[in-house]
Amino acid sequence: MTAEAVRGPVLAGRGASAGAFAGAAGGMVWGAAMVSLGTLPDVAVLAGSGAPWLGFVLNMLISVTVGALFGLLAAHQRIRSSELLFWGLAYGVFWWYLGTLTLLPLLSGSPMTWSLDAAQAAVPSLFGHLYFGGVTAVVFALLQRDGLSVAAGHLRPRTLLRGLLAAGIVAGFLV
């Protein structure tokens, strides 16, 4: 058995656990955004309730699961820390499309419409998912400092901070 074969599952397992913690951090930020938007009851509908506290609990469970999936993907693909923010934001957009525009309507019994009007109505949710993806990616990169990224020689905190600064400037111009 080669050293690479032995390292593979260990890194994947570490990627999932680091991703779960990173997803919890992203879920806290996204949960705070949902509190300000008043959309926690929309998530609670998935459990047949309208209670905001249940919406927050479901949000956190989903965030940890989705974060663990991100960690597995990032570890498997050996994504560099300088690329993680981009992939985190793209992952957030993916889950906005899959979660908000597709699964939430289907699971709550509402009609699913992939239309411009539905997407425009869900723009606040898009920003929340972007927050989730960005925070999840940054926390994942920081948690992997002694694991995958350093072993691959990819973690460069200065590069990560420059990427965050550039993303903030671009986001400021877009908003």
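The values are calculated or read from the model by the stated rules, or taken from the named source; none is laboratory data. Keep in mind that what you see is a predicted model, and the values were worked out from it rather than measured. Heads up, the Cβs are rebuilt from the backbone with ideal geometry, glycines too, and the neighbour counts pull from every protein chain shown. Heavy atoms of the whole protein, side chains included, go into the accessibility calculation; ligands, DNA and RNA do not. Shrake-Rupley method; radii C 1.70, N 1.55, O 1.52, S 1.80 Å.
Just a few scattered comments:
- Accessible surface, 1.4 Å probe, highest first, among residues 112, 28, 34, 60: 28, 112, 60, 34
- Taking all protein chains into account, the per residue accessible area for region 15-94 stands at 47 Å² (1.4 Å probe).
- Full extension of the chain between residue 32 and residue 106 gives 24.2 nm of extra length, using 0.36 nm per residue less the Cα-Cα distance.
- The mean sequence separation of alpha-carbon pairs under 8 Å and at least six residues apart, normalised by the residue count of region 33-143, gives a relative contact order of 29 percent.
- The listed peptides 99-106, 87-94, ordered by packing as a protection proxy, come out as 87-94, 99-106 (highest mean of other Cβ atoms within 10 Å first).
- Inter-label distance, residue 114 to residue 94: 1.6 nm, where each label sits 7 Å from its Cα along the C-beta direction.
- To the nearest 10, the accessible area of residue 127 is 90 Å² with a 1.4 Å probe.
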